[in-house]
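So the structure is just underneath, and the comments pick up after that.
The numbers here are math on the coordinates, done by the rules we state, and not lab data. From a predicted model like this one, the values you see are computed outputs, not experimental measurements. For neighbour counting, all protein chains shown are included, and Cβ atoms are generated from backbone atoms with ideal geometry for every residue, glycine included.
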Amino acid sequence: MLDFLKKQNKEGNDPIIAIIPGELISGEELGLEDVIAPSALKIGSKEIGLGEKLVRTFFITSYPRILSESWFSPLINLDRVYDISIFVHPVETVKILKVFQKKVAEVQSQINDRVNRGLVRDPKLDTAYQDLENLRDKLQQAQERIFDVGIYIALYADTEDELRKAEGEMRSILESRLVYVRPALFQQAEGFRSVLPVNKDELAVNTKLNSEPLSSLFPFVSFDLTSDKGVLYGINRHNSSLVLFDRFSLENYNSITFAKSGSGKSFATKLEILRSLMFDTEVIVIDPEREYEYLAEATGGRYFNISLNSEHHINPFDLPPVGEDETPADVLRSNIINIVGLFRVMLGGLTPEEDAIVDRAISETYALKDITPEADFSGAEPPLLSDFELVLAGMEGAESILQKLSKFTRGTWAGFLNQPSNVDINKKFVVFSIRDMEDDLKPVAMYIVMHYIWNSVRKNLKKRLLVIDEAWIMMKSDDTASFLFSLAKRGRKYYLGLATITQDVGDFLRSPYGIPIITNSSIQLLLKQSPTAIETLQKVFNLTDEEKYLLLEAGVGEGIFFAGLKHVAIKTIASYTEEQIITSDPSQILAIKRAKQELAMAENEGPAGMRPR
């Protein structure tokens, strides 16, 4: 059929329409060609009507003297529907050397002629002569080879205007690099067949390229990381496509973010939180710098300020409910292990003897409230830290522990820990702020809050995201780091995703739990990095030198997004409304506060500009 159309086309009978009468073909005679063939085919001089689509084929005619490594990347990442075929035909070196000898003689003759006539030297001829001589030397030494290369591009569109627009974009990309294309006039059928995956170069418009510029065409890949559902994380910087991803579709739901201060890590995190809330995901944040207060207020969430003078308290002896697949003994034993870890953090470490004493004292403290492995303690009132102190007072060898514990039960820190829990996280968005907590107590506060959240998460199975900002605070102690790693490993069972964020890469990776937490995070986001941290990150994430320099030179909100086995360069973007809610820029925050104050003053003004009495 196409041979007939080509013949008619050459004879000037343009256009020709071929209609494939599928209804006349019986089911037994129907072949693969009939199934994939378009309903109609119209071959014109400039394009082909392929069913409801228009397709126009182009070929590259000329290249600049030097091709950069990435010149082909913008074309293959063009956000259009198109096909590209690359045909590489090797040329025998012996034959091409004969051609080169003749060409070098011609150029040398022109140079000599200009010298004899007393004309000024022509830089073009001198450059051509040098290039020919250098290439001939490399060919003779087998360092280079010559190839006939044909590159054909078929653009698809629904309308003529859309096709012209796509052609303009393609030409703009290529001509800015001094690469020129032409449409296959009166050879659209041959051109279209040349881009089909059948390996036939029917157009046969080739340009000779040696090995070095030919290598700039490879690797022939397009970077893409998107799905049909999930949260918009940003824009793909390679091809401006959307980076859409659902963390809850991966093998685990955890993520980790590394970035230097001011690179946009909190902005990117708050943006994901805001968009995750719209997909019915409950979000809990541990906020060390009070950056999420306004976001909690704007979304109707709850905000708890954890400090020594706060009215909000969490009892570390609270017990989680016993799950259907658990026994009371397992739940109690796991809780005791976590509390022992808390006391290691609170008391600055324990000797093996002290560790054993604390473990036994916790069990006896629970027993005072009839909480034992054999009992049903679902409705029992948990003990307090003062109860634990009373038990320790009656045990031998506990004097040093009691002395260190006194500041938490009777000293300045008593109000923080020695109280029943009075916080409720039954909201879609909850923030625990520890900014006003003393620095020495921040690791303790983060451990207690995370332990309380973990117990609450186990009560009801819901899709949740736990965000831990400035996680390097927890990585300073092996016990807090171990608990964080435990959440990363066990969270999936309870539909919990853990988002770990840190700016101190050194402290995080120095911990023995740093690398395991990274390997248990299916999503990793690397934003702008400092020169002191980039070498370490390059080794951990196997970054290329190009990716390394990309992170060093990235702007705010720019970096590399890893999801599973794929990764792309990303730029975080937000709408105007989102930016007003989530911004961490002090100048923008002051502007918003001023606008609120001016609005409040305007509302207090009377209709005649007078304040009401």
- With -39,500 (n - 2.57) per DSSP H segment of 4 or more residues and division by the full residue count of the chain, the 222 nm estimate, nearest 500 deg cm²/dmol, is -12500 deg cm²/dmol
- Neighbour cut-off at most 15 other Cβ (10 Å), DSSP loop, chymotrypsin sites (Phe, Trp or Tyr not before Pro), region 206-305: PHE220, PHE279
- Spatially proximal lysines relative to LYS427 (Cα-Cα < 18 Å; intrachain offsets below 8 disregarded): LYS270, LYS459, LYS462, LYS463
- Message: Sort 200-210, 164-174, 338-348 by the packing proxy (mean of other Cβ within 10 Å over each peptide's residues), most packed first.
- Response: 338-348, 200-210, 164-174
- Setting aside same-chain residues fewer than 8 positions from LYS42, which lysines have a Cα under 17 Å from its Cα? LYS6, LYS7, LYS10, LYS53
- Message: Suppose the Debye formula is applied to equal point scatterers at every Cα of region 315-420; what is log10 I(q)/I(0) at q = 0.14 Å⁻¹?
- Response: -0.53
